[in-house]
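Undergrad: Here it is: the structure, laid out below.
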Amino acid sequence: MQKVYCLYKLKPGVSADEYVAWSKTVDQAITSRQECVRRFRVVKLEGSRTGAAPWDVVEDIEVESWDAWQDCLAQPAMAEVVEGFRRMADRDSAVTVFGAEIR
């Protein structure tokens, strides 16, 4: 099992309401149904200990493996998600990290 975290800001001009509507109806609806995805949660950040959060969104994704996740993103079933992400997320601010839970 692999944990993936994707942190990013929204592009200028993309409202939080617009993003939330897309996240619920497209991103979460499609991504959570993919074979390699075990769990998918999206968090809209509200702040940090020192004030404003450095990102607007964190995606918490649990997948079979990093390679399976990369393959999943390239599938036609994910095309609408990928297109929406490119339209709404500031890719220059995006940070994606992955790892395994310490037990």
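Since every read-out is calculated from the coordinates, none of them should be taken as a lab result. Because the structure is predicted, anything quoted here is derived from the model rather than measured.
Undergrad: How long, wide and thick is the chain, going by the Cα atoms along their three principal axes, in whole angstroms, largest first?
TA: Ordered largest first, the chain gives principal extents of 34, 34, 22 Å.
Undergrad: Additional query: Using Cα pairs under 8 angstrom and six or more residues apart, how large is the relative contact order of the chain, in percent?
TA: Relative contact order comes out at 47 percent.
Undergrad: What translational diffusion coefficient, to the nearest whole µm²/s, does the stretch 38-87 have by Stokes-Einstein, given a Kirkwood radius computed over alpha-carbon pairs, a temperature of 10 °C and 1.306 mPa s viscosity?
TA: 124 µm²/s
Undergrad: Please list, ordered by chain and number, the residues whose modelled amide H lies under 5 Å from the amide H of Ala89; skip anything fewer than 5 residues away on the same chain.
TA: Those lying under 5 Å, H to H, from Ala89 are Lys11.
Undergrad: Can you compute the helix-only [θ] at 222 nm over the chain? Use -39500 (n - 2.57) per DSSP H run of at least 4 residues, normalise by all residues, nearest 500 deg cm²/dmol.
TA: Taking each H run of at least 4 residues, the total per residue is -7000 deg cm²/dmol.
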